[in-house]
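The next block holds one structure in the form of structure tokens; read it before the comments.
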Amino acid sequence: MTDTDDHAPPTAYGRRQDVRLLEALRVYGADYADMRRLFARWLDMHATDAAALIEVANCELRGELLTPARLSERIQLSPNATSALLNRMEHSGHILRTREHTDRRVVTLRAGGQARRLAEEFFTPVAQRARAVIDRYPAELVEQCARLLDDLHQAMRICLAEAADGTATAQRPTA
């Protein structure tokens, strides 16, 4: 029996091809984490600060507003730790806090000009290589893959929410 045998017994994740896909996603996620750490070293910045800058810059690229509370969720820091991070990054010019929402109480985060330029300089070659790979596939397949990844993202968010509120099916072992 080979790894590509469709008649292989299912694992906890399902069929062998499911395992192959999920392993490829895990490896891609690890590579992304490595790239994020390299970006932090390249900027001589703490990894958490670089992760925050990446989140802010990515939201800007998508045209989405990012608030401190949402950043706190995205990088998994407490509100107090996020506030300290933002104070540090605002002082260094990496992040700007603006009030552009119709509700002036809402603070929006933006990448500072120099930080945005550095992020573009670092990530443009990565984006170009990714674009070259994606361009080798038909648009319909790329769209199917995007939908699959969106669905997997939603499934993961549900698992994370359940774990956070204690309703997860997998419980922590007791000692």
**OP:** May I ask you to list the trypsin sites (Lys or Arg not before Pro) in region 75-171 that are in a DSSP loop and have at most 11 other Cβ atoms within 10 Å of their Cβ?
**Re:** R99, R104, R105, R136
Subject >> Where region 46-154 is the region considered: accessible area per residue in Å², 1.4 Å probe >> reply: 66 Å²
Original post:
Which entry in (i) 1, 7, 11, 15, 17, 15, 14, 10, 6, 3, 1, 1, 0; (ii) 1, 7, 14, 18, 19, 18, 13, 7, 3, 0, 0; (iii) 1, 10, 19, 22, 18, 13, 9, 5, 2, 0 matches P(r) over Cα pairs in 5 Å bins from 0, in percent derived from the coordinates of this structure?
Top reply: (i)
Original post:
What is the spin-label model distance, in nm, from A139 to S78 if the labels are put 7 Å beyond Cα along the C-beta direction?
Top reply: 5.0 nm
**OP:** Please name which of F122, V133, I95 has its Cα lying farthest along the dipole of the chain towards the positive end, using unit charges on Cβ (Lys, Arg +1; Asp, Glu -1) and the Cα centre as origin.
**Re:** I95
Subject >> With Cα atoms, 0 to 90° folded angle of helix 47-62 axis to the chain main axis >> reply: 90 degrees
Original post:
Which cross-chain or sequence-distant (5 or more) residues have an amide H under 5 Å from the amide H of L96, H modelled 1.01 Å from N in plane?
Top reply: R110, A111, G112
Original post:
Considering the dipole of region 37-79 built from charges on the beta carbon (Lys and Arg +1, Asp and Glu -1) around the Cα centre, which of A50, L77, L38 is farthest to its positive end?
Top reply: L38
Subject >> Within the chain: Cβ-based charge dipole about Cα centre, in debye rounded to nearest 20 (Lys, Arg +1; Asp, Glu -1) >> reply: 600 debye
Original post:
So which GluC sites (Glu not before Pro) in region 43-74 are both in a DSSP loop and have at most 10 other Cβ atoms within 10 Å of their Cβ?
Top reply: E64
Subject >> Between helix 79-91 and the chain: long-axis angle, C-alpha atoms, 0 to 90°, nearest 10 >> reply: 60 degrees
Original post:
Ignoring ligands, DNA and RNA, what percent of the 1.4 Å accessible area of region 1-155 is carbon and sulfur?
Top reply: 55 percent
Original post:
Applying 1/(1 + (r/R0)^6) with R0 = 35 Å to the Cβ-Cβ distance of A132 and E100, what FRET efficiency is obtained, to the nearest 0.05?
Top reply: 0.50
Original post:
For the pair E90 and L65, what calculated FRET efficiency results from E = 1/(1 + (r/R0)^6), where r is the Cβ-Cβ distance and R0 = 22 Å, to the nearest 0.05?
Top reply: 0.85
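So how strong a dipole does region 28-88 carry about its Cα centre when Lys and Arg Cβ are +1 and Asp and Glu Cβ are -1, to the nearest 20 debye?
Dipole about the Cα centre, nearest 20: 80 debye.
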**OP:** Report the full-extension gain for the segment D150 to W42: residue separation times 0.36 nm, less the Cα-Cα distance, to one decimal in nm.
**Re:** 35.8 nm
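Can you compute the charge dipole magnitude of region 58-106 about its Cα centre, using +1 on each Lys and Arg Cβ and -1 on each Asp and Glu Cβ, nothing else charged? Give it in debye, rounded to the nearest 20.
Dipole size: approximately 100 debye.
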Original post:
So which GluC sites (Glu not before Pro) in region 85-132 pass both tests, a DSSP loop state and at most 16 other Cβ atoms within 10 Å of the Cβ?
Top reply: E100
**OP:** Would you mind checking the tilt of helix 113-134 against the longest principal axis of the Cα atoms of the chain, expressed as 0 to 90 degrees and rounded to 10?
**Re:** 20 degrees
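The values are calculated or read from the model by the stated rules, or taken from the named source; none is laboratory data. It should be emphasised that the depicted structure is a prediction, and the values quoted were computed from it without experimental measurement. Cβ coordinates were reconstructed from backbone atoms using ideal geometry, including for glycine residues, and neighbour counts include every protein chain displayed. These area figures cover heavy atoms from the full protein model, side chains too; ligands, DNA and RNA do not enter into them. Shrake-Rupley method; radii C 1.70, N 1.55, O 1.52, S 1.80 Å.
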